[in-house]
Amino acid sequence: MPENRTERTRDTASVPRETGGTAPAVLIVTGDAAESLEVFYPYQRLLEEGYTVHIAAPSRKKLRFVVHDFEEGYDTYTEKPGYAWPADLAFTEVDPGRYAALVIPGGRAPEYLRNDPELRKILKAFFDADKPVAQICHGPLLTAAAGGLGGRRVTAYPALEIDMQTTGAVFRDEEVVVDGALVSSRAWPDHPAWMREFLAVLRRTAPVG
């Protein structure tokens, strides 16, 4: 199925396909080596709720995600190949005003994506407009790079505690932390709490129907 979907995406014009008609649209920003579960869980959960969802990356290409897990004998997580999925549009094609909310998965992708000036512009636009933002795991590295975490209460993958404090955020090692329109979680085991709280915010600010 991913292969057929990739070909359809490559054949489309510059406007990404609509997955939810005239429903409010949510943007997911990610790239290669993102954590598979942290992309697909919010992607499918938001579609289930009736939202339109687009995935943006540095370029329109087939993205290759990974799986992070813990194995005996390792002091940190291991990484294995995950699913592949096409990006709907490049960061340069994104109009932040078109989207009601933003989702930022983790994995290794945020480590290098934070250096992308186009992505930092997108992130800043969402924070300036106080739109809902859901971030998880290493995703807060992006919002930190965009200057969006100063004085905010957040959680993240626990190894990022010092990074969060350095950027001026108040770190909490909890499954989900809600600070206004910003909803943070630590990693994919926290998905139910993460999406429950994010959808509660989203239903207030951009209800479907």
Completion exercise
Protection proxy (average C-beta count within 10 Å per residue), highest first, orders 70-83, 161-174, 89-102 as 89-102, 161-174, 70-83
Practice task
For the range 65-84 and the range 35-58, compute the distance between their C-alpha centroids and round to whole Å.
Solution key: 21 Å
Exercise for the section: Check the straight Cα-Cα distances from LYS124 and name the lysines below 28 Å, setting aside those fewer than 8 residues away within the same chain. Expected result: LYS61, LYS62
Fill in the blank from the handout: FRET efficiency (LYS124, ALA90; Cβ distance; R0 22 Å; to 0.05) is 0.80
Problem - For mean projected area of the Cα convex hull in nm², calculated from these coordinates, the label among [x] 11.7; [y] 14.8; [z] 11.0 - result: [z]
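From the helices alone, meaning DSSP H stretches of at least four residues, give me the mean residue ellipticity at 222 nm for the chain, per-run term -39500 (n - 2.57), in deg cm²/dmol to the nearest 500.
On the way: 7 runs with 68 residues, N = 209.
Mean residue ellipticity, 222 nm, calculated: -9500 deg cm²/dmol.
Where a number appears in this text, it was derived from the coordinates with a stated rule and is not lab data. None of these values were measured; they are calculated from a predicted model. When we count neighbours, we look across all protein chains shown, and the Cβ atoms used for this are built from the backbone with ideal geometry, even at glycine.
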